[in-house]
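The values are calculated or read from the model by the stated rules, or taken from the named source; none is laboratory data. Fair warning: this is a prediction, and the values are worked out from it, not measured in the lab. So basically every Cβ, Gly included, is an ideal-geometry build from the backbone, and we count neighbours across all protein chains shown. Ligands, DNA and RNA are stripped out before the accessible areas are found, and what is left, the full protein with its side chains, is counted by its heavy atoms. Shrake-Rupley method; radii C 1.70, N 1.55, O 1.52, S 1.80 Å.
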Amino acid sequence: MITMIVGEVANFVAYAFAPAVLVTPLGALSIIVSAVLAHFILQEKLHALGILGCVMCIAGSVVIVIHAPQERAITSVQEIWNMATQTAFLLYVASVIVIVFVLVFHFAPLYGNSNVLIFTGICSLMGSLSVMSVKALGTSLKLTFEGTNQLIYPQTWYFMLVVVTCVIMQMNYLNKALDTFNTAIVSPIYYVMFTTLTIVASVIMFKDWDGQSIGSIISEICGFVVVLSGTILLHVTKDFDRNASRSLYAPLSPSLTTRLCSGNGEMLKHVVEDAAYPEDACLRRQGLY
């Protein structure tokens with residue numbers, strides 16, 4: 001827990017010194033470290049395709065770092081406030097709020113327990129706003145520590161309120177998704193949606209791609225796609241061998257057995273007896289031959 005808290009604090013600080021287009025995709029590196037440590041410490045076998053996924057994440061991250069935009073020089077929280085209140089970003093915020101309300105009050109009660117995109121969509125949308133607020137708050141605190149006090153401005157406290165609100169809602173629905181669906185399904189979908197929406201929000205608010213060449217932007221997108229592909233591949237193959245071995249020895253589903261044998265009462269009787277006394281059933285079958 002201590003290392004997790006330290007990691008989140010370091011992630012928070014990173015947003016104050018680097019653009020979100022760079023910081024957010026690099027979060028995939030934590031997945032690689034977790035997979036490698038689990039392989040050596042917890043004896044969880046890393047599948048060959050999982051190793052390929054790790055390599056893809058590293059390669060995509062290198063491409064993103066090489067072509068990442070430079071952090072804009074920001075001198076006050078009021079400058080960030082002007083970015084947050086520009087028309088394009090306000091339209092993005094309004095769209096996110098409307099979509100989240102529709103998902104929470106209409107789709108979540110109806111399809112929340114059957115469609116993984118509902119809960120992950122809510123926490124991804126709120127996560128994109130929380131990252132923008134975290135970056136604004138982190139930049140304000142950085143300027144304050146450098147000697148320019150930003151705590152006297154109400155905008156700093158407003159960004160702090162947005163951070164708390166968005167993070168609580170984001171974590172709430174992420175936990176609901178993890179409680180309802182398999183982690184191997186939730187994690188890659190959430191990472192893809194959250195990272196994509198965060199990059200879109202950052203490009204709109206902070207104009208990260210302004211001044212960059214088309215080649216650099218395309219390279220960043222390609223690196224991002226490679227990281228996403230590697231992350232999905234790593235999650236999909238995480239329990240590949242374990243699931244494969246289980247499927248070889250898994251018993252036939254009772255409902256399937258009943259369906260197959262319900263047309264013949266005698267066969268159904270033998271199936272029930274075999275399930276109750278498997279050793280006797282085996283001896284009887286050998287006697288028949």
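Considering region 7-51 alone, what residues qualify as being among the polar types (S, T, N, Q) and in a loop (DSSP other than H, G, I, E, B)?
To start, the set of residues in region 7-51 that are among the polar types (S, T, N, Q) comprises 11, 24, 30, 34, 43.
Result: T24, Q43.
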Q | Pairs where the first residue, in region 67-83, is without any contact (Cβ under 8 Å) to a residue 60 or more places away in the chain and the second is open to solvent by 60 Å² or more (accessible area, probe 1.4 Å) and not charged (D, E, K, R), C-beta under 7 Å, 6+ apart | A | E71/F17
(Q) Residues that are modelled with pLDDT of 90 or more and under 18 Å from A68 (Cβ atoms): list the helices (runs of 4 or more DSSP H) wholly contained in region 163-278 that include at least 3 such residues. (A) 183-206, 214-236
Q) Only one of (1) farther than 30 Å from T139 by Cβ; (2) loosely packed, with under 14 Cβ neighbours inside 10 Å fails for M56. Which number is that? A) (2)
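For the structure I just gave you, tell me whether L137 is of a type outside the set (S, T, Y), loosely packed, with under 15 Cβ neighbours inside 10 Å, over 18 Å from N115 (Cβ atoms) and over 22 Å from the mean Cα position of the chain (by Cα).
On the way: of a type outside the set (S, T, Y): yes; loosely packed, with under 15 Cβ neighbours inside 10 Å: no; over 18 Å from N115 (Cβ atoms): yes; over 22 Å from the mean Cα position of the chain (by Cα): yes.
Answer is no for this residue.
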